[in-house]
Amino acid sequence: MSTIGIAQVAGFGRKPAENLHRADTLAARAAAAGADLVCFPEQFATGWSPTVPAGSGEAIDGPTITTLQATARDHGVAVLGSFLEYTGDKPRNTAVAIDRSGSILTTYAKMHLFSPGGEDRHCTPGDALATFAVGGTTFGIAICYDLRFPELFRAYAETGADCVLVPSAWPCSRLAHFEIFVGSRALENQYYVAGINAGGSGHAGDPQCGSSLVADPEGTIIARGGAGEDLILAPLDPGRIHDARNRIPALKDRRSDLYHRLLSNR
C-alpha cells in the first residue's frame, strides 16, 4: 500500500519561483499527511503553453528540477514534476520522478503533442516509456494529451505498472473528457490512473479547473480535487489490481496475436 498526494498548483499568474515555493509548501503538507509521493501538474512552475520560441526551456539541472530535488530531500517525500526541457531548437515537455533523497529516478517526454494548439510544431515528442517504484508501487508516466491514446496505457499495463500518473493542464472547456479518459484508462487496464490537473487561468485565456482525479482498477473515482489550488491524497492498494484482474481477466483474454495480424493485412 502506498499513498500519493496530488498538488494542484496554478501555474499562470505567478512567477516560477513563487510556484516552486507553493509546491514546496504543498509537498510538506503531503509528507506530513503520510504521502509517499507528491505529484504536480504539467509545467506547473511556468504554466503550460503549446507555442514556445525555438531554443526555449531549461536543462534538467536547471532551477525547476534542482528546486524539486531540494523539496524531496527537505520533506522526505518522492516528487513528480514537469517542465519544458531544453534540447536545442525544439524543447521537450518532460516529467521527472525524484526519490525522497533527491535523486532522479526517471524522466518521460510527452509522446503525443497537442496539434490543435501547435505543440507538435514547437516541441519534440518523446518515444519511450518511463516507470519507477516508490513505496512498493510501480508507476508509469504520461502527460495530458497522452490520455487520448489508449495504446500508451496498454503498454504500461504490459510492463507491470500499478498506476499511471498524468500531469496535465486540462482546460475547463473539456473537463468532462478528462474524467472520462482517466476512468476509462484505469478500467480498461485494471490499474490506477491519477490525472494531476492545474488550476488557474490557463493558456490563451482558457481556464483550468483543477478537478484532479484518481481512478481505481474498476474505473471508480476514489479521489477528486477542487476547482483551484488543492491537495488531495489517495491510497493505492495493489491487492485491488489483483482482485479486479481475477474477477474479469480481460488482459489475459486479449487477442494481441489477432490484432497484429489484422493490422498487417490492411
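The values are calculated or read from the model by the stated rules, or taken from the named source; none is laboratory data. Not measured: the values here are computed from a predicted model. Don't worry about glycine lacking a Cβ; one is built from the backbone with ideal geometry, like all the others, and counts go over all protein chains shown. Surface areas here come from the heavy atoms of the whole protein model, side chains and all, with no ligands, DNA or RNA. Shrake-Rupley method; radii C 1.70, N 1.55, O 1.52, S 1.80 Å.
Being open to solvent by less than 40 Å² (accessible area, probe 1.4 Å), among the small types (Gly, Ala, Ser) and farther than 22 Å from residue 151 by Cβ is not true of residue 227.
Could you count how many residues in the range 50-65 are of a type in the set (Gly, Ala, Ser) and open to solvent by 30 Å² or more (accessible area, probe 1.4 Å)? Full working, then the answer.
Looking only at the range 50-65, we keep the residues that are of a type in the set (Gly, Ala, Ser), and these are 54-57, 59, 62.
Okay, now just the ones that are also open to solvent by 30 Å² or more (accessible area, probe 1.4 Å), so 54-55, 57, 59.
Matching residues across the range 50-65 total 4.
Residues of the range 108-129 include none that is in a loop (DSSP other than H, G, I, E, B), under 17 Å from residue 194 (Cβ atoms) and touching a residue at least 40 places away in the same chain (Cβ under 8 Å).
Reported count of residues in the range 130-148, each being surrounded by 20 or more Cβ atoms within 10 Å (Cβ to Cβ) and assigned to a helix (DSSP H, G or I), is 4. Could you grab me the full set of residues in the range 1-35 that are surrounded by 21 or more Cβ atoms within 10 Å (Cβ to Cβ) and acidic (Asp, Glu)? Within the range 1-35, no residue meets the criteria. The residues on offer are 125, 116, 167, and the sole one that is open to solvent by less than 40 Å² (accessible area, probe 1.4 Å) and not aliphatic (A, V, I, L, M) is 167.
Answer yes or no: is there a residue in the range 95-109 that is open to solvent by 20 Å² or more (accessible area, probe 1.4 Å) and over 29 Å from residue 5 (Cβ atoms). The answer is no; no qualifying residue exists.
Quick grid of which residues meet (1) within 19 Å of residue 228 (Cβ to Cβ); (2) in a helix (DSSP H, G or I):
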residue	(1), (2)
22	yes, yes
53	no, no
61	no, no
65	no, yes
70	no, yes
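Just for the range 209-239: of the residues that are at pLDDT 95 or above and among the hydroxyl-bearing types (Ser, Thr, Tyr), which one is nearest to residue 180 (Cα to Cα)? Selected residue: 220. Note on the range 150-266: no enclosed helices (runs of 4 or more DSSP H) hold 3 or more residues that are in contact with a Lys or Arg (Cβ under 8 Å, 6 or more places away or on another chain), closer than 22 Å to residue 22 by Cα and without any contact (Cβ under 8 Å) to a residue 12 or more places away in the chain. If I filter the range 11-68 down to residues being of a type in the set (Val, Ile, Thr) and modelled with pLDDT under 95, which single residue comes out as nearest to residue 195 (Cα to Cα)? Within the range 11-68, the match that is nearest to residue 195 (Cα to Cα) is 46.
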